[in-house]
Amino acid sequence: MVVSIMRSYGVLMNPFDKYETQNIALKGDLSILSVIHQPEEFPHREPQINTMVASLSGLIRGFSANNLLIYGKTGTGKTSVTKYVTGMLEEKVGDKVITCYVNCQTYDSPYSILVNLSKCIPGDSNIPPSGWTLDRIYDELVIKIKGSGKILILILDEIDKLVEKNGGDSLYVILKLMGEDTGAGGTIIGITNDSSFYERLDPRVKSRMSRESVMFSPYNAEELKDILYPRVTKVLNPESYDEAAISLCAAIGAREHGDARKAIDLMRISIEMAIRESSDKVSVSHVYKARDTLEIDVIRETVKTQPTHSKIVLLSVILSGERHPNSATTGEVSSLYADLCRDIGIQPLTSRRVSDYISELEDFGMINTTVKSLGRYGRTRYIKITGRENDIKRFILEDTELEPLKDIKGTRQFRLDENI
Ligand SMILES: Nc1ncnc2c1ncn2[C@@H]1O[C@H](COP(=O)(O)OP(=O)(O)O)[C@@H](O)[C@H]1O
Ligand SMILES: [Mg+2]
């Protein structure tokens, strides 16, 4: 009663009220700017599409097709273009073709890939999720594929992960199954962002894998604009965005190895920001904020997935930097690291291992190191965090094992002072 009177006098508002009237009217679903959206057109990918279609074209006349290898950096359209091309092939030949898509990051053993393949082919699959020998699965699949009378296309996305984890033999088993010698047959489309993948395969696997490859080059800013526009105009009216916002998303995506995913994600988050702020239009300021949000997500993920010792090394770099801005040495970081390990009751690693972690953290872009010569006193490595130390510290301390280090700053300062 009291609450409703207060509401009617405008004293108490429902916190959702401000989102009820949106300044930016969305004319389409925002998911058009998400990874789940499969576009109907792929600007700047005509050459790749043409090569893939030509390579698979024998299948529509009942011939076999060579295996294909697709290369390119993240976000250059490899997965979505491959799905588009195989989708078009299915549309052309109907259910004569079966496409089976497997991501080898998720299914990273030959066993799980073959189980997936079996599930794609119509008819009962007797293969249990584990327990059979590969030979037994192999025989079962040959019978199943032959019996189905279908043309099979197996897409192995992130194919490098399969070989990295299980060695070249794992790929060989699958290649043999899909090769013509078993009478089963089919085509494999391997996708990878590792440009040296093929070179590192052993000759036996190499000769079966690929006679054809397709390169997906990074997009430049202009190309990314052409990719963004059709999506943005499906979601927003022209008065709801600044052209400069699209250009900025494209420019940032281009700088990140020509990554369309990054540009699209940025645009979506910018629109969400603008809506949340009840702005009239999406502007470059929203894009800058969106970039910050994305960056922070990447940092959190990177910190979270570090092993405990690496997190302690990183924390030591931050705390040493607070005490010695611009000039924390490897020695200071290592001794602080050892102290922190003892504080939480774990055995510190050797300085060699700590040094490895420091190099790894540098590879991740979390820290910078510079080596300075001290003349006849040798050389010293100085370590500095690249930025966002407060956020990184917060993410490190989200690890429950490191919780006792939460208030470490004061005591550590004291201990370091003592050492001087
Ligand atoms: N030429 C293009 N036209 C339209 N959208 C594209 C194009 N290239 C990439 N995309 C989009 O960018 C995102 C990332 O593409 P994806 O195929 O997942 O890249 P990759 O597999 O190379 O990492 C997807 O949402 C995809 O639809
Ligand atoms: Mg992909």
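Rule-based calculations on the coordinates, nothing more; no lab input. Source: prediction; values computed, not measured. Cβ coordinates were reconstructed from backbone atoms using ideal geometry, including for glycine residues, and neighbour counts include every protein chain displayed.
Results, tabulated for the structure shown:
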item: Free-standing Cys, the chain [no other Cys Cβ under 4.7 Å]; result: CYS104, CYS249, CYS341
item: Cβ-based net charge around PRO325, under 14 Å, with every Lys or Arg adding one and every Asp or Glu removing one; result: -1
item: Relative packing of peptides 106-118, 366-378 - highest average C-beta neighbours within 10 Å first; result: 106-118, 366-378
item: For the range 107-134 versus the range 271-350, the gap between their alpha-carbon centres in whole angstrom; result: 41 Å
item: The chain, helix-only ellipticity at 222 nm - DSSP H runs n ≥ 4, -39,500 (n - 2.57), divided by all residues, nearest 500; result: -16000 deg cm²/dmol
item: Cut-off under 5 Å, modelled amide H: who pairs with ALA328 long-range; result: ILE383
item: Packing-based order for 389-397, 170-178, using average beta carbon neighbours within 10 Å, highest first; result: 170-178, 389-397
item: Qualifying lysines (Cα of each under 26 Å from Cα of LYS225; at least 8 residues distant if same chain); result: LYS27, LYS73, LYS78, LYS83, LYS234, LYS262, LYS281, LYS289
item: Amide proton proximity set for CYS100, modelled H, under 5 Å, gap of 5+; result: ILE153, LEU154, ILE155
item: Vicinal HN-Hα couplings computed from phi for the range 339-344 (Karplus, 6.51 cos²θ - 1.76 cosθ + 1.60; Hz; Gly/Pro x); result: 4, 5, 4, 4, 4, 9
item: Stokes-Einstein translational diffusion, the range 137-243 - Kirkwood Rh over all Cα pairs, 0.890 mPa s, 25 °C, in µm²/s; result: 145 µm²/s
item: Packing-based ranking, highest mean first, of 24-30, 334-340 given that Cβ atoms within 10 Å are counted; result: 334-340, 24-30
item: Net charge, SER285 excluded, C-beta distance under 15 Å - Lys, Arg +1, Asp, Glu -1; result: -2
item: Overall Cα dimensions of the chain, principal axis frame, Å, largest first; result: 79, 69, 51
item: Proximal charge balance of THR192 [Cβ under 9 Å; K/R count +1, D/E count -1]; result: -2
item: Separation between Cα centres of the range 252-267 and the range 145-174, rounded to whole Å; result: 30 Å
item: Contact order relative to length of the chain, as percent, for alpha carbon pairs under 8 angstrom and 6 or more apart; result: 16 percent
